[in-house]
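The values are calculated or read from the model by the stated rules, or taken from the named source; none is laboratory data. Small disclaimer: the values here were computed from a predicted structure and weren't measured. Glycine gets a Cβ as well: all are built from the backbone with ideal geometry, and neighbour counts include every protein chain shown. Areas reflect the complete protein model, heavy atoms only, side chains present, ligands, DNA and RNA absent. Shrake-Rupley method; radii C 1.70, N 1.55, O 1.52, S 1.80 Å.
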Amino acid sequence: MENKLKIGFGLAKAAMLLALMAATNGCHQPTQLEAKSPTPVHLANVTLESSSQDLRYSASVLPFAQASLSFKSAGYVTEIKQVVGADGRRRDIGPGDYISRGSVLAQIRHQDLKNQLDQAAATLAQAQAQHVEATQDYERANALYATQSLIKPDFDQAQARFDSTLAGVDQAKASVHQAQLALGDADLRAPFSGYILARNIELGNLAEPGATALTIVDTTAVKVSFGVPEYAVRHLRLGQQFSIHLQDDPKEYSGRVTSIAASADEKNRVFGIEVTVPNPKSYLKPGMIASLTVSGVQKAAAPAVPLSAVVADPASPGHYAVFVAQEQGSKWVAHLREVTLGETHESDAAVDGVKPGEKIIVVGAAGLKDGDSVRVLP
């Protein structure tokens with residue numbers, strides 16, 4: 001039994017030695033790694049391309065002129081202009097009604113302002129009477145002072161009273177003029193012909209000075225207002241003609257540029273443009289949305305590559321890259337470079353991240369890795 005165990009142990013030991021020798025011999029055998037052959041590719045140069053495009057804008061229709069009318073003085077509203085309504089009955093003017101230039105749209109109570117004018121006139125008469133008396137005293141004092149029959153303090157007092165009453169007369173005259181203006185402003189008149197946009201007063205209301213009573217707009221022409229970026233404003237000029245369209249309106253309206261902002265808006269960095277459109281039949285209403293097109297806008301030249309050169313960036317999901325081929329000694333090497341895509345035009349795309357003149361791989365980029373050798377095909 002003991003002999004059998006010795007024999008088994010010896011066989012196991014021998015097997016282990018053989019396995020170890022085989023492993024050792026394997027480690028000393030040379031490993032031949034077949035080098036990867038360069039990938040055949042086609043190259044193209046990065047070019048500079050400028051694009052021309054038509055820019056379409058939505059714009060707001062604004063009235064040619066708008067005025068907020070208010071009374072200069074406080075007073076009770078005693079009259080509002082009336083018109084004949086669609087039902088044949090007379091009513092106070094309201095939104096949508098047309099009014100002519102110079103029309104009296106509303107009045108406040110005249111009697112209050114007449115009383116103020118009468119009071120100012122009475123004050124003026126009193127001031128003039130005092131000044132007449134002071135003038136006589138001054139002339140008398142001046143004559144006595146010239147003959148040294150009046151002492152200097154008494155003469156100075158007479159002259160001071162003359163100057164004071166003269167100033168009082170001037171002040172009273174100014175009050176009379178102001179009262180006359182206030183009485184004239186008791187009638188609220190239309191500064192131009194147009195439509196009532198809003199009415200904020202009723203008969204019997206106490207009108208507050210400066211508070212908007214009526215708002216009117218002139219729509220014989222309208223302004224179409226929109227904003228354009230810097231590269232587009234260079235293509236606009238005063239007097240330039242535009243075609244304007246409204247939604248669900250097949251008619252085409254024509255206008256001309258009448259205003260170009262001198263500086264960009266601080267918030268959105270666009271330049272305000274106004275196009276004035278004749279509107280004799282009032283088809284265009286303030287608040288409508290119009291559309292117009294700026295044609296042939298030339299953008300600044302930017303590096304561009306064929307779309308076939310753009311690949312997904314394996315290191316940054318959702319980003320893009322191109323392989324830039326560079327000659328190193330006698331071989332070409334592909335280098336992966338992340339780029340930012342811009343506008344596309346036909347089969348090319350504007351990119352940021354490469355320079356004009358660099359060579360990029362347009363065919364054969366699939367399966368390449370950064371640093372791979374490539375063989376340039378003619």
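Things worth noting here:
- Proportion of all alpha-carbon pairs of the chain beyond 38 Å (%): 64 percent
- Charge dipole of the chain about the Cα centre (unit charges at C-beta), most positive-ward option of PRO38, GLY168, VAL61: PRO38
- 3J(HN,Hα) couplings calculated from phi for the range 349-362 with the Karplus curve 6.51 cos²θ - 1.76 cosθ + 1.60 (θ = phi - 60°) are, in sequence order, 9, 6, 9, 10, x, 10, 10, x, x, 5, 9, 10, 8, 10 Hz; Gly and Pro show x.
- In this simple spin-label approximation, ALA65 and ARG234 carry label points 7 Å from Cα along the Cα→Cβ vector, and these lie 3.8 nm apart.
- Efficiency of FRET between LYS267 and ASP163 - r from beta-carbon atoms, R0 51 angstrom, step 0.05: 0.35
- Surface share of carbon and sulfur [accessible, 1.4 angstrom probe, percent] for the range 241-378: 52 percent
- When the alpha-carbon atoms of the range 118-184 are used, the pair Rg, Dmax equals 15.4, 53 angstrom.
- Dipole of the chain computed with +1 at Lys/Arg Cβ and -1 at Asp/Glu Cβ about the Cα centre; of ILE244, SER259, GLN148, farthest Cα towards the positive end is ILE244.
- A simple spin-label model places the labels of ASP170 and LEU150 2.2 nm from each other, with each point 7 Å out along Cα-to-Cβ.
- Reducing the range 189-223 and the range 49-101 to their Cα centroids gives an inter-centroid distance of 7 Å.
- Pairwise alpha-carbon distances in the range 130-234 exceed 23 Å for 64% of all pairs.
- ALA122/SER193 FRET efficiency (R0 41 Å; Cβ-Cβ; nearest 0.05): 0.50
- Computed from point charges on the beta carbon alone (+1 for Lys and Arg, -1 for Asp and Glu), the dipole magnitude for the range 108-240 about its Cα centre is near 660 Debye.
- Placing unit charges on the Cβ atoms of the charged side chains and taking the dipole of the chain about its Cα centre, the candidate lying farthest along the positive direction among ALA186, ALA312, ALA350 is ALA312.
- Proximal aspartates and glutamates to LYS36, defined as alpha-carbon separation beneath 15 angstrom and excluding residues fewer than eight positions away on the same chain: ASP370, ASP372
- Radius of gyration over Kirkwood radius for the range 171-219, both on Cα atoms: the Rg/Rh ratio is 1.09.
- Of the solvent-accessible surface of the range 72-131, computed with a 1.4 Å probe over protein heavy atoms with every protein chain present, carbon and sulfur atoms account for 46 percent.
- Which of ARG140, ARG56 is most accessible, then next, and so on - probe 1.4 Å: ARG56, ARG140
- Think of each Lys and Arg Cβ as +1 and each Asp and Glu Cβ as -1; about the Cα centre, that makes the dipole of the chain roughly 1240 debye.
- Cα long-axis angle, helix 2-27 against the chain (0 to 90 degrees, to the nearest 10): 60 degrees
- Efficiency of FRET from Cβ geometry, ASN115 and LEU206, R₀ 22 Å, rounded to 0.05: 0.85
- Legend: distances between Cα atoms for LYS81/LYS223; LYS81/LYS114; LYS72/LYS223; LYS223/LYS267; LYS72/LYS285; LYS72/LYS114; pairs beyond 19 Å are LYS81/LYS223; LYS81/LYS114; LYS72/LYS223; LYS223/LYS267; LYS72/LYS285.
- Applying D = kT/(6 pi eta Rh) to the range 57-176, where Rh is the Kirkwood radius over alpha-carbon pairs, T corresponds to 10 °C and eta to 1.306 mPa s, the Stokes-Einstein value obtained is 79 µm²/s.
- Here the dipole of the range 151-211 is about 120 debye; that uses its Cα centre as origin and unit charges on the Cβ of Lys and Arg (positive) and Asp and Glu (negative).
- The sum of -39500 (n - 2.57) across all DSSP H runs of n ≥ 4, divided by the residue count of the chain, sets its helix-only mean residue ellipticity at 222 nm to -9500 deg cm²/dmol.
- List LYS355, LYS267, ordered by accessible area with a 1.4 Å probe, largest first: LYS267, LYS355
- Calculated accessible area for the chain comes out at 62 Å² per residue, all protein chains present (probe 1.4 Å; ligands, DNA, RNA ignored).
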